[in-house]
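Participant: Sharing a structure with you now.
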Amino acid sequence: MTAEQISIVQASFDEVKGDPVGILYACLKADPSIQEKFPQFAGKDLEVVKGTPEFKTHAKRIVGYSLKVIYELPDMERDVDTFVASHKPRGITHEQLDNFRAGFVTYMKAHTDFAKSESAWGASLDNFFGMIKSKM
Ligand code: HEM
């Protein structure tokens, strides 16, 4: 990734980091099988679940982790290894990862001027999910 792409992604994520619930909602909405992997959310209506304190807590964790990755760009291997260590045992498929990514992009398209940052996001999401998939 170029320095310009990195600063575009950082500025773009800064615009949405205050809405962790909306981001997680979009990622789970893209693939209901992801929600089923969460013991605390499985079998429940996403429209109800998204309003619970547990959902907010988890959403903040994901956004906190993402901020760490984004602010350390382009070095992400250690954060990816942490992710793989906790997520590989959860039996997540590559399709679920692709759908989570697509849900995030849907969110960004709805909440930011995504045309400006689309190629920079493409590069960073390719790096992140590509490295994850190569390890799990
Ligand atoms: C935790 C599932 C993708 C970041 C968790 C937990 C589950 C889970 C079941 C434990 C929740 C708890 O005990 O409260 C999944 C599934 C995914 C997915 C099925 C399918 C795509 C992601 C992605 C990210 C992420 C793409 C980051 C961008 C986290 C973080 C935690 C977590 C930071 C808390 C720490 C940990 O337990 O690893 N995830 N996750 N997850 N997830 Fe995911």
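The values are calculated or read from the model by the stated rules, or taken from the named source; none is laboratory data. Predicted model, so just to flag it, every value in this text is computed and none were measured. All Cβ positions, even for glycine, are placed from backbone atoms using ideal geometry, and neighbour counts span all protein chains on display. Only protein heavy atoms, including side chains, enter the accessible area calculation; ligands, DNA and RNA are left aside. Shrake-Rupley method; radii C 1.70, N 1.55, O 1.52, S 1.80 Å.
Participant: Of the conditions (1) within 24 Å of residue 134 (Cα to Cα); (2) near the ligand (Cβ under 8 Å from one of its atoms); (3) without any contact (Cβ under 8 Å) to a residue 60 or more places away in the chain, residue 31 clears all except one; give me its number.
Facilitator: Going through the list (1) within 24 Å of residue 134 (Cα to Cα); (2) near the ligand (Cβ under 8 Å from one of its atoms); (3) without any contact (Cβ under 8 Å) to a residue 60 or more places away in the chain, residue 31 breaks only (3).
Participant: Now, a different point. Just need a number here: residues in the stretch 94-118 that are of a type in the set (Val, Ile, Thr) and over 14 Å from the mean Cα position of the chain (by Cα).
Facilitator: 1
Participant: Still on this structure, I have one more. Using the structure shown, decide if residue 62 is at pLDDT 95 or above, within 8 Å of the ligand (Cβ to nearest atom), part of a helix (DSSP H, G or I) and closer than 19 Å to residue 27 by Cα.
Facilitator: yes
Participant: If you check residue 100 against the conditions, is it open to solvent by less than 50 Å² (accessible area, probe 1.4 Å) and among the aromatic types (Phe, Trp, Tyr)?
Facilitator: Considered against the rule, which asks whether it is open to solvent by less than 50 Å² (accessible area, probe 1.4 Å) and among the aromatic types (Phe, Trp, Tyr), residue 100 comes out as no.
Participant: Report every pair of residues separated by at least 6 positions or lying on different chains whose Cβ atoms are under 7 Å apart, first residue within the stretch 111-136 and free of Cβ contacts under 8 Å to residues at least 12 places away in the same chain and away from the ligand (no atom under 16 Å from the Cβ), second among the hydroxyl-bearing types (Ser, Thr, Tyr) and open to solvent by 20 Å² or more (accessible area, probe 1.4 Å).
Facilitator: From the stretch 111-136, no pairs qualify.
Participant: Within the stretch 8-54, how many residues are among the aromatic types (Phe, Trp, Tyr) and touching a Ser or Thr at 6+ places or on another chain (Cβ under 9 Å)?
Facilitator: Looking only at that region, the number is 2.
Participant: For the stretch 74-98, which positions are near the ligand (Cβ under 7 Å from one of its atoms) and assigned to a helix (DSSP H, G or I)? Spell out the reasoning first.
Facilitator: Initial filter on the stretch 74-98 (near the ligand (Cβ under 7 Å from one of its atoms)): 83, 86-87, 90, 92, 96-97.
Listed by number, the residues that qualify are 83, 86, 87, 90, 96, 97.
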